[in-house]
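Novice: Pasting in a structure now, in structure tokens, and then I'll have a few things to ask.
The values are calculated or read from the model by the stated rules, or taken from the named source; none is laboratory data. Owing to the predicted nature of the structure, the values given are computational and were not obtained by experimental measurement. Cβ placement follows ideal geometry from the backbone for every residue including glycine, while neighbour counts extend to all protein chains displayed. In case anyone asks, the SASA skips ligands and DNA or RNA and just uses the protein heavy atoms, side chains included. Shrake-Rupley method; radii C 1.70, N 1.55, O 1.52, S 1.80 Å.
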Number of protein chains: 2
Amino acid sequence: MTEILNNLFAIILAGGSGTRFWPLSRETCPKQMLQIVGEDTLIRQSIKRINGFVPPENIWIVTTEGKAQDMQFHLEPLGSLARSIQFIIEPLGKNTAPAIGLAAIYLSHHSPDSLMIVMPSDHAIPDTEKFLRDLKLAIEGAKRDYLVTFGIKPNRSETGYGYIKVVNGSEMAPKGFLKVERFVEKPDLETAKTYLSEGNYFWNSGIFVWKTSKILYEIETHLPDLYKKLKEMESLLFVSGQPNKFIPCNAKPITLGPHKPNKPNKPDRLYELYSSLEPVSIDYGVMERSSNVLMVPASFQWSDLGSWTALDEVIEKDNSGNILKGNTIDIGSQNSIVFAGKRLVATIGLKDMVVVDTPDATLVTPKEKVQDIRRIVETLKQNGREEYLLHKTVERPWGSYTVLEKGEGYKIKRVALKPGAKLSLQLHRRRSEHWVVVSGIAKVTKEDETYLMQTNESTYIPINIKHRLENPGEGPLQIIEVQNGDYLEEDDIERFDDVYGRS
Amino acid sequence: MTEILNNLFAIILAGGSGTRFWPLSRETCPKQMLQIVGEDTLIRQSIKRINGFVPPENIWIVTTEGKAQDMQFHLEPLGSLARSIQFIIEPLGKNTAPAIGLAAIYLSHHSPDSLMIVMPSDHAIPDTEKFLRDLKLAIEGAKRDYLVTFGIKPNRSETGYGYIKVVNGSEMAPKGFLKVERFVEKPDLETAKTYLSEGNYFWNSGIFVWKTSKILYEIETHLPDLYKKLKEMESLLFVSGQPNKFIPCNAKPITLGPHKPNKPNKPDRLYELYSSLEPVSIDYGVMERSSNVLMVPASFQWSDLGSWTALDEVIEKDNSGNILKGNTIDIGSQNSIVFAGKRLVATIGLKDMVVVDTPDATLVTPKEKVQDIRRIVETLKQNGREEYLLHKTVERPWGSYTVLEKGEGYKIKRVALKPGAKLSLQLHRRRSEHWVVVSGIAKVTKEDETYLMQTNESTYIPINIKHRLENPGEGPLQIIEVQNGDYLEEDDIERFDDVYGRS
């Protein structure tokens, strides 16, 4: 199977903002970066699931530039695997058809004879073995020029998923497959009940397998405007006939795809083109219209984790139907979800409620109103509130920092550095900093001076003094930083040297 | 009226633990110390309400020793008024009849001809003028040897209050008063509806006026066991015929009343006696049984603030019937109470819910379950959890401290000192401390050395070194303290000198 493997690519779609899992998800920490079910975050689980089935360098993630940066740091715990993964950058999110089309264009230059496995980054699939077994079957279909999708046998009248209707009588399809009649949108409850009883409706998992050449052909047929614009992007991105070389995913931001605006010439045109694309899903843009679609009835369990209430399907509940996580005390609640962290959340007699607590924001809503969470997030965004954007703990390539308190003229942070990590050589124009080491060993550079600090030692960094903090140890380093000044935002930083390529 | 004034005493009952307002109330911060309605905390409002009507030194607070200490610091913003207030210490809480009896015993020595105004410390009475006008009338009744109580005209079928039934036909009572037929316990809803329609039922406000000699006589008549034990306590506390001198309420803990156990001789017997008292209310122990009771139909608004839901009666609601306080965002909630602080609380579509957020604990409950809050508090207490006992910010005579974070081997506090305040000269056996001044000026003593520190300066206090922090400035001082050590609890402190009398 080796020759197949090298032509087999996993295209992981990771552009989602995960608004619906606020306050646990944030703009800079979307749902795919959360560990809400299983032993790791959703995107790391997605990568581990497919790793080995395809070579690490054939795992490509499609997302926007800002998310790609955050995701690179986020994937670091995967070690060398993370460093093999490629990123394809969308200038902005435009639903799945443009994202898949863009990936196919890159792939057609890189490996014209390739097969693409397209999968979301933020779904739950607990059984990898069954998933890979089904995938092998799907690949056989894709090799025979089919667009192959995976349908999940419904076990309830779910109104939150799209459905795939298959043709009765599977003799029309190759062994193991079902022939797709049509894709249908999220139904109302009555319709969902009918679908469940009729037995020939499956949930649409959003996982696909096909030849790169085949999906481009189908896009050309069914979405000609998208195809035309993809070809124009291609002509801007690639010297004809010369496959582009990929920059591996390491700490440096990736600049493979079309760029953000305000960059000279070509990128502007790329951004313009991509902006003008119709945000259509691959399901309705292509799958619904094509006559070459097969469905694998999935043997694996699956959830798209579309909202907090989806946890009811994937996390074991207590005898009263509750999911209680973290520091909680409950008296007599029923069918409720309480997600707490270190802070105490006490609940009494809740029914069908969702309570989510994070260090800087708490959400309380009945389950039936979870779709309105996006309105909360929109309001926060409009008001320029940090609670939509950042968590109190912010991940960085070198570790993380947590804002413990802001007051007039001061700000207190806990800064955690991974072993070997090195902040940039930097200075601040408007604040000084006191550092106290509370665990590990710190190496401090202050202008021309360099010294080591042990736990329980402190140092002072005056305004306008070039400085750098490193962790030369083998364990983690934690310092408490007390900032004093009249302006204490993150953008008061001049970087002179940065091992992570930031400026 | 001067001669009356000097014989008129306000006895403020402040023993309540305020469990029902958790998590805003804590063991060390009971309901009376909360600002939940009006411009100040409930007890400070209670004191200001009566101040001037009686001389400051005639305001006596009855509470337990632990609460009295916290309360003294809490009353400091009242300035000289606070320093005039007297405390009577109960060894433990035993309901209102013993507390009032104890106060009457003290008062019978201090001012045998006195009149007592007995009032709770944690009720809401927005209109002081009307209250004082009614009080003047009540005093006239008390001078004529009546036990006078205040009844509130009901405006709803409230099941949370006790009621006073008055005799129809007020010609039997002196002008302005109504004759009391009986006191009745909290009714069920049907009964409450009847009371409301019948018109001769009033809410029992728990505010009373009587002669000290008269209430002692009535206790002797109706609660002879209590009376006997009070007389025995009196013989232990007072040299016969010699009025005891009172220690004014300043920073030193008060030791006027019976003491806690494990103190030599007399206090042990006092504690034993007080412990053996039946915990009966004055309403049922005396008022219900006496034939000398008059009621003033109150012209003032009143609420006992018995639970979170009582806020609905005293705080203005928005158009959807919600009370939203602090950092909240709401979409479409109805008839709900959301109490937030600085952290964001986002709510969607709540109906008849209560959400209370504090820095270390959040409560979510339907209004109809607020009586179960005490079960949460009991659980926390049984499990030795701090969330029942302390807030993250703890008031001290010199200011306050806030625990910003605890981690392995370190703890971070913000310490705020009032102008002129002085911590004790102290040392720690198991922790060192780094101090960074973030506002104000600090005076630091380290063994024999003394120096001043400005904002943005830091110092280090090693283990086993005697040290002291003072605020010599005219504005507040704030420092950030980073503690390092293997044991970081409050009890690792040896005090050598303390201006607040602590050891």
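Novice: Anything in the stretch B:327-360 that is over 17 Å from A:Ala361 (Cβ atoms) and of a type in the set (Ser, Thr, Tyr)? List them, or say none.
Specialist: Answer for the stretch B:327-360, where residues must be over 17 Å from A:Ala361 (Cβ atoms) and of a type in the set (Ser, Thr, Tyr): just B:Ser336.
Novice: Find all pairs meeting these conditions: Cβ atoms under 8 angstrom apart; at least six residues apart or on different chains; first residue within the stretch B:361-379 and touching a residue at least 12 places away in the same chain (Cβ under 8 Å) and part of a helix (DSSP H, G or I); second residue open to solvent by 10 Å² or more (accessible area, probe 1.4 Å) and among the acidic types (Asp, Glu).
Specialist: Hits for this filter: B:Lys367/B:Asp352; B:Glu368/B:Asp352.
Novice: Just checking, how many residues over the stretch B:40-68 are more than 17 Å from B:Ser303 (Cα to Cα) and in a loop (DSSP other than H, G, I, E, B)?
Specialist: Final tally of qualifying residues: 3.
Novice: Here's something else I'd like to know. Out of (1) among the small types (Gly, Ala, Ser); (2) modelled with pLDDT under 95; (3) over 23 Å from the mean Cα position of the chain (by Cα), what's the single condition that is false for B:Ser336?
Specialist: (2)
Novice: Additional query: Quick check, is A:Ser121 open to solvent by less than 10 Å² (accessible area, probe 1.4 Å) and under 24 Å from A:Arg396 (Cβ atoms)?
Specialist: For A:Ser121, the condition - open to solvent by less than 10 Å² (accessible area, probe 1.4 Å) and under 24 Å from A:Arg396 (Cβ atoms) - is met.
Novice: Further question: Could you grab me the full set of residues in the stretch A:198-231 that are more than 21 Å from A:Trp302 (Cβ to Cβ) and either touching a strand residue (DSSP E or B) at 6+ places or on another chain (Cβ under 8 Å) or open to solvent by 70 Å² or more (accessible area, probe 1.4 Å) (or both)?
Specialist: Selection gives A:Lys211, A:Thr212, A:Lys214, A:Ile215, A:Tyr217, A:Glu218, A:Glu220, A:Thr221, A:Pro224, A:Asp225, A:Lys228, A:Lys231.
Novice: Let me ask you something else. Condition check: touching a strand residue (DSSP E or B) at 6+ places or on another chain (Cβ under 9 Å), within 8 Å of chain A (Cβ to nearest Cβ), more than 30 Å from A:Glu368 (Cα to Cα) and open to solvent by 20 Å² or more (accessible area, probe 1.4 Å). Does B:Gly409 satisfy that?
Specialist: Taking the combined requirement at face value, the residue satisfies it.
Novice: If B:Val37 satisfies all but one of (1) part of a helix (DSSP H, G or I); (2) of a type outside the set (S, T, N, Q); (3) touching a helix residue (DSSP H, G or I) at 6+ places or on another chain (Cβ under 7 Å), what's the number of the condition it fails?
Specialist: (1)
Novice: Next question, about the same structure. Out of the residues in the stretch A:440-460 that are of a type in the set (S, T, N, Q) and within 14 Å of chain B (Cβ to nearest Cβ), which is surrounded by the most Cβ atoms within 10 Å (Cβ to Cβ)?
Specialist: Ranking the candidates gives A:Asn456 first.
Novice: So for the stretch B:332-355 (the condition being of a type in the set (Asp, Glu) and assigned to a strand (DSSP E or B)), does at least one residue qualify?
Specialist: The answer is no, given that none of the residues of the stretch B:332-355 is of a type in the set (Asp, Glu) and assigned to a strand (DSSP E or B).
Novice: Also, I was wondering about something else. Which members of the stretch A:427-451 meet the condition of being closer than 19 Å to A:Gln478 by Cβ and part of a strand (DSSP E or B)?
Specialist: A:Glu433, A:His434, A:Trp435, A:Val436, A:Val437, A:Val438, A:Ser439, A:Ala442, A:Lys443, A:Val444, A:Thr445, A:Tyr451 - these are the residues of the stretch A:427-451 that are closer than 19 Å to A:Gln478 by Cβ and part of a strand (DSSP E or B).
Novice: Of the residues in the stretch B:1-23, how many are open to solvent by 40 Å² or more (accessible area, probe 1.4 Å), assigned to a loop (DSSP other than H, G, I, E, B) and within 30 Å of B:Thr365 (Cβ to Cβ)?
Specialist: Going through the stretch B:1-23 one residue at a time, the tally reaches 1.
Novice: May I ask you to say which residue of B:Arg374, B:Arg385 is basic (Lys, Arg) and within 10 Å of another protein chain (Cβ to nearest Cβ)?
Specialist: The match here is B:Arg385.
Novice: Within the stretch B:474-489, does at least one residue satisfy the condition of being open to solvent by 20 Å² or more (accessible area, probe 1.4 Å) and without any contact (Cβ under 8 Å) to a residue 40 or more places away in the chain?
Specialist: Yes; the residues of the stretch B:474-489 include at least one that is open to solvent by 20 Å² or more (accessible area, probe 1.4 Å) and without any contact (Cβ under 8 Å) to a residue 40 or more places away in the chain.
Novice: Those residues that are within 23 Å of the chain's Cα centre (by Cα), open to solvent by 10 Å² or more (accessible area, probe 1.4 Å) and more than 7 Å from chain A (Cβ to nearest Cβ), I need them from the stretch B:340-369; list them, please.
Specialist: Across the stretch B:340-369, the qualifying residues are B:Ala340, B:Gly341, B:Pro359.
Novice: Also, I was wondering about something else. Here's a check for you: in the stretch B:288-328, which residue that is within 14 Å of chain A (Cβ to nearest Cβ) and in contact with a helix residue (DSSP H, G or I) (Cβ under 6 Å, 6 or more places away or on another chain) is most open to solvent (accessible area, probe 1.4 Å)?
Specialist: Applying the filter and picking the extreme gives B:Thr309.
Novice: For B:Ile463, only one of the following conditions fails: (1) of a type in the set (Val, Ile, Thr); (2) more than 10 Å from chain A (Cβ to nearest Cβ); (3) open to solvent by 20 Å² or more (accessible area, probe 1.4 Å). What is its number?
Specialist: With (1) of a type in the set (Val, Ile, Thr); (2) more than 10 Å from chain A (Cβ to nearest Cβ); (3) open to solvent by 20 Å² or more (accessible area, probe 1.4 Å) applied to B:Ile463, the lone miss is (2).
Novice: Take the conditions β-branched (Val, Ile, Thr) and more than 20 Å from the chain's Cα centre (by Cα) and apply them to B:Ile117. Does it pass?
Specialist: So B:Ile117 fails the test.
Novice: Name the residues in the stretch A:146-188 that are open to solvent by less than 40 Å² (accessible area, probe 1.4 Å) and β-branched (Val, Ile, Thr), would you?
Specialist: Scanning the stretch A:146-188 gives A:Val148, A:Thr149, A:Ile152, A:Ile164, A:Val166, A:Val167, A:Val180, A:Val184.
Novice: Kindly list, by first and then second residue, each pair from a residue in the stretch A:404-422 that is over 16 Å from B:Val482 (Cα atoms) to a residue that is among the polar types (S, T, N, Q) and open to solvent by less than 20 Å² (accessible area, probe 1.4 Å), limited to pairs with Cβ atoms under 8 Å and residues at least 6 apart or on different chains.
Specialist: Partner pairs satisfying both residue conditions: A:Gly409/A:Asn484; A:Leu417/A:Asn471; A:Lys418/A:Asn471; A:Pro419/A:Asn471; A:Gly420/A:Asn471; A:Ala421/A:Asn471; A:Lys422/A:Asn471.
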